[in-house]
1. Top mean-square fluctuation among VAL34, VAL69, VAL48, Gaussian network model of the chain, C-alpha springs under 10 Å?
2. In Å, what Rg and Dmax follow from the Cα atoms of the range 21-127?
3. Counting other beta carbons within 10 Å of each Cβ, put LYS77, LYS128 in order, fewest first.
4. Calculate for the chain the 222 nm mean residue ellipticity that helices alone would give, adding -39,500 (n - 2.57) per DSSP H run of length 4 or more and normalising by residue count, nearest 500 deg cm²/dmol.
Amino acid sequence: MTTASLSPFRLSTAYCLYAPESYTRATPEVRAAVVNGCGPGGWKLDLVPDTIWFLDISLCCDIHDWMYVEGETIEAKEEADRVFLNNMLRAIDAAGGPKILQALRRHRAAKYYNMVHLFGGPAYWLGKNSSQNLTPSIPLT
Ligand SMILES: [Ca+2]
């Protein structure tokens, strides 16, 4: 069972997220070396919040980060993206609260999913492409 911070509406509730076995078995030190919450990490200014309407989803993002590093196929990327969405929805359901707040959180979760689904390819494939398939970009004149 995995626990994460919840919204102010249900602070003591624990809930389960899906994570691959390799993630659950990894030591905290190994996980910390691989994951960095929501967004690309390493930037001075992280523009991707770890919360959606006061709900901490950083663990959902960490699991997604892990699956991106571990995956090697487009199917694995799509699974990582689906797991990310489903984990956010699990967290939202567990947090409860007013229906309007849950709706706002689901809307934001859908935005996060669309961002990684549509624009996460370069991050997913970083360092995975064979050098024989890479070609220099054409210099701009
Ligand atoms: Ca991240």
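1. Residue with maximal mean-square fluctuation among VAL34, VAL69, VAL48: VAL48.
2. According to the Cα coordinates of the range 21-127, Rg and Dmax are 13.7, 43 Å.
3. Ordered from fewest to most neighbouring Cβ atoms within 10 Å, LYS77, LYS128 come out as LYS128, LYS77.
4. Working: 6 runs with 73 residues, N = 141.
Helix-only estimate at 222 nm: -16000 deg cm²/dmol.
No lab work stands behind these numbers, since they all come straight from the coordinates. Computed from a prediction, not measured in an experiment: that's the story for all the values here. Here the Cβ is made from the backbone with ideal geometry for all residues, glycine too, and neighbour counts use every protein chain on show.
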